[in-house]
Amino acid sequence: MDEQVVYWIGFFVALAFIVFGADDVLWDVFALFRGTGKKRVKLSLINEKPPKMLAVVIAAWHEDAVLGEVVDNLVASAQYPRSLYRVFLGVYPNDAATVAVARALEVRHGGTVVCVVGDDPGPTSKAANINHTVRAIREYEAERDVRFASVTIHDAEDVVHPNEFKMTNYLIDDYDALQFPVFPLQRMPRLRLFFKTLTSSTYADEFAEHHFRTMVMRDELGFVPSTGTGFAIGRRVLDAFRDEDLLPRNSLTEDYKLSLTLRMRGFRVHYVLEKVPRVDARGRTVWDYIATRSLFPSTFKAAVRQKARWVYGITMQSASMADVFGKSELTFAERTFLYKDLKAKFANFVLLPGYAVLAYFLVQTFAPQLELPVMYPLHGPSWWMCVFLLFMMVERQVLRGRAGERVRLEDDGVLHPAAAAVPAQASMGQPHQHVRDVSRMAAEDRLRAAARTRGQGGRRAGR
């Protein structure tokens, strides 16, 4: 093969990686100097705010294995008056097992849980399920003469933080919608299980980085995308969408499209990365993030399927480069973040030639007897580009590792980052706190086991 051809192939592949990754480095530097994850809120502040009526909606299709545990845990751990929140479960008429679980929860929790059976057989989209459930919530309000201050969307596999309702009540008057962090719920990775946990751990690290650093910058500079769970929608938005569907049906990422629509219509979405004190299983007072803990895809196939849906839904159905470079209400910073989301459909095409170049480089380096043309001549322009790419890779992995470490809490070798979260003030002097913490941890293990039984760990409800 001609030396010049090999050189320029390597040069342009390296250049493409730099072009698509340079903005990430700039934002990483910005986040490093700004600092993230340091906000702490005294419980006395959120406790002083008079409680309002709140609603939660969960879309469920074939979730009978986990729905009961999730809702029982939510109701048992919520540090909020039970009479002032309702959990609406959107189920399907042709899913008898899940309907039976939802009905049992409705009876067991005496009005706190409401089962909403859809008109259409499942599965439909998550958007269709939630839109129908929101209409049922409006009917519930009219029949009982109540008015919910917000509706929070959760998935059927979420572990909801005990203080989420209090924080929602505290902030929802100041913002139109709130996005709570979504952190991984998984076992501590072990070297002997490296290949078994590689997919879920990589997925969890990416989410930790995104929700610990990137979302904080987005909140400071403008547009905050919804992640589809832990998303509290305020009354002003609910009233504005009274005569139309809340979630768009023409997008695989209805959550992202909704948040972009809210921004375009002048609504303010706030990302809530806040800490509150609690007492852990060892009796120590620690500061804990108010975050949703969620299962992530544990198989390569499930991860590819979900990521493909995200890339297609965001880049093909929710936004376009015209929103970045054309006339819109977005600020310059918001346009750069939108570009960051949209570039995936272009950047992903660089990966395939990138792997080919890597394979060629390894063969050329470790099999000199083949006398292949040198792709990256020592100290040449393309060689220095590779050095910079190495720096970009190391920098990203270090910051990602730091983010992952900050959002995890190890307990007896198992990651249980918010499951046993009980406010310090509420648990002081209660001798059975440790028992409740361990029970909560056991409940989470059952959730994980049930998800593995279904073979679709991390699958979104209603899909």
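For residues that are open to solvent by less than 40 Å² (accessible area, probe 1.4 Å) and in contact with an Asp or Glu (Cβ under 9 Å, 6 or more places away or on another chain), tally how many sit in the range 215-234.
13
Checking the conditions here, which among LEU84, LEU32 is open to solvent by 20 Å² or more (accessible area, probe 1.4 Å), in contact (Cβ under 8 Å) with a residue 12 or more places away in the chain and over 22 Å from the mean Cα position of the chain (by Cα)?
Selected residue: LEU84, the only one of LEU84, LEU32 that is open to solvent by 20 Å² or more (accessible area, probe 1.4 Å), in contact (Cβ under 8 Å) with a residue 12 or more places away in the chain and over 22 Å from the mean Cα position of the chain (by Cα).
Based on what the data block shows, is VAL350 open to solvent by less than 50 Å² (accessible area, probe 1.4 Å), touching a residue at least 24 places away in the same chain (Cβ under 8 Å), outside any loop (DSSP other than H, G, I, E, B) and not acidic (Asp, Glu)?
Details: open to solvent by less than 50 Å² (accessible area, probe 1.4 Å): yes; touching a residue at least 24 places away in the same chain (Cβ under 8 Å): yes; outside any loop (DSSP other than H, G, I, E, B): yes; not acidic (Asp, Glu): yes.
Against the criterion (open to solvent by less than 50 Å² (accessible area, probe 1.4 Å), touching a residue at least 24 places away in the same chain (Cβ under 8 Å), outside any loop (DSSP other than H, G, I, E, B) and not acidic (Asp, Glu)), VAL350 qualifies.
Do we find that GLU63 is assigned to a loop (DSSP other than H, G, I, E, B) and either within 26 Å of the chain's Cα centre (by Cα) or crowded, with 19+ Cβ neighbours inside 10 Å (or both) in this structure? I'd like the intermediate steps shown before the answer.
Working: assigned to a loop (DSSP other than H, G, I, E, B): yes; either within 26 Å of the chain's Cα centre (by Cα) or crowded, with 19+ Cβ neighbours inside 10 Å (or both): yes.
Here the answer is yes, as GLU63 does meet what is asked.
One residue is enough: does the range 364-371 have a residue meeting the conditions touching a residue at least 12 places away in the same chain (Cβ under 8 Å) and open to solvent by 40 Å² or more (accessible area, probe 1.4 Å)?
No, there is no match, as no residue in the range 364-371 is touching a residue at least 12 places away in the same chain (Cβ under 8 Å) and open to solvent by 40 Å² or more (accessible area, probe 1.4 Å).
List pairs: first in the range 97-125 and in contact (Cβ under 8 Å) with a residue 40 or more places away in the chain and buried (at least 17 other Cβ atoms within 10 Å of the Cβ), second part of a helix (DSSP H, G or I) and aliphatic (A, V, I, L, M), Cβ under 9 Å, 6+ apart or cross-chain?
Close Cβ pairs satisfying both conditions: ALA102/LEU67; ALA102/VAL71; VAL113/VAL71; VAL113/VAL75; VAL113/ALA102; VAL113/LEU105; VAL113/VAL107.
From LEU45, LEU32, LEU26, which residue is in a helix (DSSP H, G or I), under 30 Å from ILE172 (Cβ atoms) and either touching a strand residue (DSSP E or B) at 6+ places or on another chain (Cβ under 8 Å) or not basic (Lys, Arg) (or both)?
Working: LEU32 fails: under 30 Å from ILE172 (Cβ atoms); LEU26 fails: under 30 Å from ILE172 (Cβ atoms).
Residue meeting the stated conditions: LEU45.
Tell me the residue from ARG335, ARG309, ARG305, ARG284 that is without any contact (Cβ under 8 Å) to a residue 12 or more places away in the chain and more than 29 Å from MET167 (Cα to Cα), please. Before the answer, list the steps.
Working: ARG335 fails: without any contact (Cβ under 8 Å) to a residue 12 or more places away in the chain; ARG309 fails: without any contact (Cβ under 8 Å) to a residue 12 or more places away in the chain; ARG284 fails: more than 29 Å from MET167 (Cα to Cα).
Exactly one residue qualifies, and that residue is ARG305.
Which one of these does LEU358 not meet: (1) open to solvent by less than 60 Å² (accessible area, probe 1.4 Å); (2) assigned to a helix (DSSP H, G or I)?
(1)
crowded, with 19+ Cβ neighbours inside 10 Å and at pLDDT below 85: is that true of ALA204 in this structure?
yes
Would you please name the residue that is modelled with the lowest pLDDT, looking only at residues in the range 259-301 that are of a type in the set (Gly, Ala, Ser) and not in a loop (DSSP other than H, G, I, E, B)?
SER294
Out of the residues in the range 66-111 meeting the condition of being in a loop (DSSP other than H, G, I, E, B) and of a type in the set (Phe, Trp, Tyr), tell me which one is modelled with the highest pLDDT. Talk me through it step by step, then tell me what you get.
First, the residues of the range 66-111 that are in a loop (DSSP other than H, G, I, E, B): 66, 78-81, 92-95, 109-111.
Subsequent filtering for residues that are of a type in the set (Phe, Trp, Tyr) retains 80, 92.
Working: TYR80: 94, TYR92: 97.
Selected residue: TYR92.
If I ask for residues that are among the aliphatic types (A, V, I, L, M), over 14 Å from LEU338 (Cβ atoms) and open to solvent by 40 Å² or more (accessible area, probe 1.4 Å), which ones from the range 249-274 would you list?
Result: LEU252, single match.
What pairs can you find where one residue is in the range 238-261 and more than 22 Å from PHE148 (Cα to Cα), the other is of a type in the set (Val, Ile, Thr), and their Cβ atoms are less than 6 Å apart, with a gap of 6+ or different chains?
Cβ pairs passing all conditions: THR253/ILE314; TYR256/ILE314.
Yes/no matrix, rows are residues, columns are (1) open to solvent by 10 Å² or more (accessible area, probe 1.4 Å); (2) closer than 20 Å to LEU247 by Cα:
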| residue | (1), (2) |
| --- | --- |
| GLU139 | yes, yes |
| PHE148 | no, yes |
| VAL159 | no, no |
| LEU171 | yes, no |
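Quick one: count up the residues across the range 35-57 that are at pLDDT 80 or above and either in contact with a helix residue (DSSP H, G or I) (Cβ under 7 Å, 6 or more places away or on another chain) or surrounded by fewer than 18 Cβ atoms within 10 Å (Cβ to Cβ) (or both).
Count: 12.
For a quick check of your reading of the model, give me the residue pairs whose first member lies in the range 378-402 and is surrounded by 12 or more Cβ atoms within 10 Å (Cβ to Cβ), whose second is of a type in the set (Phe, Trp, Tyr) and modelled with pLDDT under 90, with beta-carbon atoms closer than 6 Å and at least 6 apart or on different chains.
SER382/TYR376; TRP383/TYR376; CYS386/TYR376
Working only within the range 356-400, note down all residues that are among the polar types (S, T, N, Q) and more than 33 Å from the chain's Cα centre (by Cα).
GLN364, THR365, GLN369, SER382 - these are the residues of the range 356-400 that are among the polar types (S, T, N, Q) and more than 33 Å from the chain's Cα centre (by Cα).
Just give me the residues in the range 312-332 being outside any loop (DSSP other than H, G, I, E, B), in contact (Cβ under 8 Å) with a residue 60 or more places away in the chain and small (Gly, Ala, Ser), in sequence order.
GLY313, SER318
The values are calculated or read from the model by the stated rules, or taken from the named source; none is laboratory data. Note that the structure is predicted; figures quoted are calculated from it, not measured. Backbone-built Cβ (ideal geometry, glycine too); neighbour counts: all protein chains shown. Only protein heavy atoms, including side chains, enter the accessible area calculation; ligands, DNA and RNA are left aside. Shrake-Rupley method; radii C 1.70, N 1.55, O 1.52, S 1.80 Å.
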